[in-house]
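Working notes, structure below.
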Amino acid sequence: MEDKQIIDLYWARSESAIAETDKKYGKLCNRIAINILKDPQDSEECVSDVYLKVWGIIPPKRPVKLFPFLGKITRNLA
């Protein structure tokens with residue numbers, strides 16, 4: 001699924017937005033978190049927190065590229 005379609009799911013407040021985000025970017029976000037936290041359980045929890053934060057931010061924000069947006073949030077939370 002394309003980033004625009006995933007972002008549209010967030011705007012529609014569809015819970016499938018989180019599932020699609022995880023399917024496309026979950027491993028990459030987890031890799032960022034684990035490189036910082038060095039603990040698999042903490043990194044999984046961090047990625048879950050990322051999804052919660054993104055759910056609260058989109059809308060009103062509409063990122064053009066989803067992964068840099070997710071990566072920044074992941075780094076900040078980790």
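The values are calculated or read from the model by the stated rules, or taken from the named source; none is laboratory data. In this text the structure is predicted, and so the values were computed from the model without any measurement. As a convention, Cβ positions derive from the backbone with ideal geometry for all residues, glycine included, and neighbour counts pool all protein chains shown. For the accessible areas, the whole protein counts, side chains as well, though only heavy atoms, and no ligand, DNA or RNA atoms are used. Shrake-Rupley method; radii C 1.70, N 1.55, O 1.52, S 1.80 Å.
What the table below lists for this structure:
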item: On Cα atoms only, tilt of 16-37 relative to the major axis of the chain in degrees; result: 30
item: Kirkwood Rh in Å, taken over all unlike Cα pairs in segment 7-50; result: 10.9
item: Segment 1-72: GluC sites (Glu not before Pro) in DSSP coil with no more than 15 other Cβ atoms inside 10 Å; result: Glu2, Glu15
item: Mean separation of Cα contacts under 8 Å, 6 or more apart, over the residue count of the chain: relative contact order %; result: 38
item: Count of Lys pairs (Cα-Cα under 22 Å; at least 8 positions apart or interchain) in the chain; result: 25
item: The chain: proportion of alpha-carbon pairs further apart than 20 angstrom, %; result: 23
item: Accessible area per residue, Å², the chain with all protein chains present, probe 1.4 Å; result: 64
